[in-house]
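See below for the structure under consideration.
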Amino acid sequence: MSPLNQGGIQMDYKQKVTAALVAALDGQLTAEDVRAKLERPKTSNKGDIAFPTFTLAKLLHQAPQQIAQNLADKLDTTDFEKVEVVGPYLNFFFDKAGYSADTLKTVLTAGADYGQNQDGNNGNVPIDMSSPNIAKPMSMGHLRSTVIGNSIANILTKNGYHPIKDNHLGDWGTQFGKLITAYKLWGNEADVKKDPINKLVEYYVRFHKEDVDKPELDDIAREWFRKLEAGDPEAHKLWEWFREVSLQEFNDVYKELGVKFDTYNGEAFYNDKLAEVVQLLKDKHLLVESQGAQVVDLSKYDLNPALILKSDGASLYITRDIATALYRDRTYSPVKNLYVVGSEQTYYFKQLKAVLEEMGVKSAPNLQHVPFGLITVDGKKLSTRSGRIILLAKVLEESVKLAQEEIAEKNPTLANKDEVAKQVGVGAIVFGDLKNERTNNIDFVLADQLKFEGETGPYVQYAHARAESILRKAAHVDVTADANQLTDPLAWDTIKALADFPQIVKMACDELEPSVIAKYAIRLAKTFNKYYAHAKILTDDAELSARLALVKAVSTVLKEALRLLGVQAPDEM
Ligand code: ARG
């Protein structure tokens, strides 16, 4: 990591503006207050940072225009090219030549490390993510959890944390008693091998249909689950096989998305750790009986009681989650403890956190549910129950196919077409998800996500590929960051966007919000495209090398922003 990029350069300028204003205000506002008021003007002719004075009128008993003028008179302007008063605004203009050269030098020296910081002090952050359920298809919700969790992990690493990506598979629970029962009645090994998850779902659905008239099926299922919990070899072998074949299908999707996990500690992993949980709860006098079941009272948190053991002694989802949190607490001493799970489980995670706090688990205050909204595809709501499941693998396949068609039309001579189509097709889905604030519900119109124009993944990928193509053509030119000569206002806008990246990286981390990175990538790509459309970058004149330095810096930062999102950046497309 280069020490040059600590905090970024725009940061320095904000600091300079802040310091000058605090001094001119005779300490009537703190640096923090001043900083919070600074704005980025929409156009460069209004300066690079603006300070509005409206909100000071009351405090200083003066009209905003007057305040702006008084401040300008007192202000030490040595650090700036100029400072202008426009109505109630103070507009600060930076020293462009120095700022440009500094920025480009910083980016080019650091390369992919640009924007890296050590805020996280290498602290451990388990991320509970993806976590699909065995013997059921992975849903769009699990896709969101996978891509959001993966990007948050990348962002955390960039901020000096040590994330641990854990796939908390739904691989335990009474439903496995039902599945074993159904399989033994109607199942067939060869069928399952051919199309594992679909077959298993079919058996499961049939079980629910038939048990309406044959309630004895439920008793058999309960007995099978009891056997499974007791370690019965036949039950265990079947369960293991269901888990194995399901995981194979999930892994195909992960491979397609390029997502890897550090651990796959599903619910079953905690089976032998549940007795301790119950004992701890008893020792702390937290378990109370309610209609034969064991619950933890949470009225003090204004929450419904948490059901820990059913009347027959069976454990529940939350029992296993308590064991999970305890395990993570002991194994990692987490500084943050994240659960990337849909908003519909918000209430549940409040209960879980409350129970852990009652138990005095050290990292309980760090537990953070990172929720996200629902997803529909082409206007259709997706739910397993209604039978209208759009299989995730199908969506990815469809997207890659559309990308293939697009590339065949736009760039028929491209060498590695299939590989690029995959990067574009999959990248479009991932980017199309991550550009939305995660708590929003989104409707996913596949064709829109794949457009090369507009706020899409392919648009950003294309800007990167365009930059790379320029650099290929100019491979013989020595690229230096001597940007003193870059006089073009559109180049200047691009440089400022580049300088923002380190702050964007921090903001995305504070908010656990990949959309901050995605929106930034769109802004940088747009700014660069404007520059590209009007500048003759490859003209052989005195500014050539500086222009290429800018192009190289843009390419570097776009690629890094996409990497943080989990999206690939092909050099040609
Ligand atoms: N398997 C669950 C589901 O599909 C998600 C698990 C989330 N993680 C957790 N620790 N509860 O709804």
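The values are calculated or read from the model by the stated rules, or taken from the named source; none is laboratory data. Model, not experiment: these values are computed from the prediction. Here the Cβ is made from the backbone with ideal geometry for all residues, glycine too, and neighbour counts use every protein chain on show. Surface areas here come from the heavy atoms of the whole protein model, side chains and all, with no ligands, DNA or RNA. Shrake-Rupley method; radii C 1.70, N 1.55, O 1.52, S 1.80 Å.
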Principal-axis tilt of helix 9-24 within the chain, Cα atoms, nearest 10 degrees
60
Counting other Cβ atoms within 10 Å of each Cβ, which trypsin sites (Lys or Arg not before Pro) in region 30-117 have at most 13 and sit in a DSSP loop?
42
Of all the accessible heavy-atom surface of region 265-352, with the other protein chains kept in place and a 1.4 Å probe, what percent is carbon and sulfur?
50
For labels at residue 19 and residue 82 in the simple 7 Å Cα→Cβ model, what's the distance in nm?
2.4
Looking at 463, 414, 327, which one has the Cα that reaches farthest to the positive end of the dipole of the chain (charges on Cβ: Lys, Arg +1; Asp, Glu -1)?
463
Positive end of the charge dipole of the chain (Lys, Arg +1 and Asp, Glu -1 on Cβ, about the Cα centre): tell me which of 65, 427, 245 has its Cα farthest that way.
65
Assigning unit charges at the beta carbon (Lys, Arg +1; Asp, Glu -1) and nothing else, what dipole magnitude in debye, to the nearest 20, does the chain show about its Cα centre?
420
Sticking with the crude label model, points 7 Å out along Cα→Cβ, report the distance from residue 244 to residue 285 in nm, one decimal please.
5.0
Do you know the relative contact order of region 324-378, to the nearest whole percent, from alpha carbon pairs under 8 angstrom that are 6+ apart?
49
Rolling a 1.4 angstrom probe over the protein chains, ignoring ligands and nucleic acids, what is the accessible area of residue 333 in square angstrom, nearest 10?
70
Hey, can you find the accessible area per residue of the chain for me, probe 1.4 Å, expressed in square angstrom?
45
Is there a quick way to get the dipole size of region 423-504? I mean about its Cα centre, with the Cβ of Lys and Arg at +1 and of Asp and Glu at -1; what is the value in debye to the nearest 20?
200
Signed unit charges on C-beta, dipole axis of region 498-573, positive-most listed residue 529, 549, 507
529
Once you have the Cα-Cα distance between residue 33 and residue 12, take 0.36 nm times their residue separation minus that, and quote the gain in nm to one decimal.
5.9 nm
I need the calculated FRET efficiency for the pair residue 40 and residue 262, taking r as the beta carbon distance and R₀ as 51 Å, to the nearest 0.05.
0.85
Probe 1.4 Å, all chains present, heavy atoms only: residue 272 accessible area in Å², nearest 10, is 120
Set the Förster radius R0 to 25 Å, insert the Cβ-Cβ distance between residue 408 and residue 440 as r into 1/(1 + (r/R0)^6), and round the FRET efficiency to 0.05.
0.15
Given an 8 Å cut-off on Cα distances and at least 6 residues of separation, report the relative contact order of region 509-573 as a percent.
43
Between helix 196-210 and the chain: long-axis angle, C-alpha atoms, 0 to 90°, nearest 10
50
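Hey, got the dipole for region 438-573? About the Cα centre, +1 on K and R Cβ, -1 on D and E Cβ, debye to the nearest 20?
Roughly 80 debye for region 438-573.
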Relative contact order [Cα under 8 Å, 6+ residues apart], the chain, whole percent:
16
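Based on DSSP, what percent of beta bridges with both residues in the chain are antiparallel, to the nearest 5?
Numbers: 21 of 37 bridges.
That works out to approximately 55 percent antiparallel.
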For residue 49, distant residues with modelled amide H under 5 Å away:
92
Pairwise label distance in nanometres, residue 206 with residue 186, each label 7 Å out on the Cα-Cβ vector
0.4
Apply the Karplus curve 6.51 cos²θ - 1.76 cosθ + 1.60, θ = phi - 60°, to the phi angles in region 557-562 and return the couplings in whole Hz, x for Gly and Pro.
6, 4, 5, 5, 4, 5
Can you give the accessible area of residue 212 in Å² (nearest 10), computed on protein heavy atoms with a 1.4 Å probe?
110
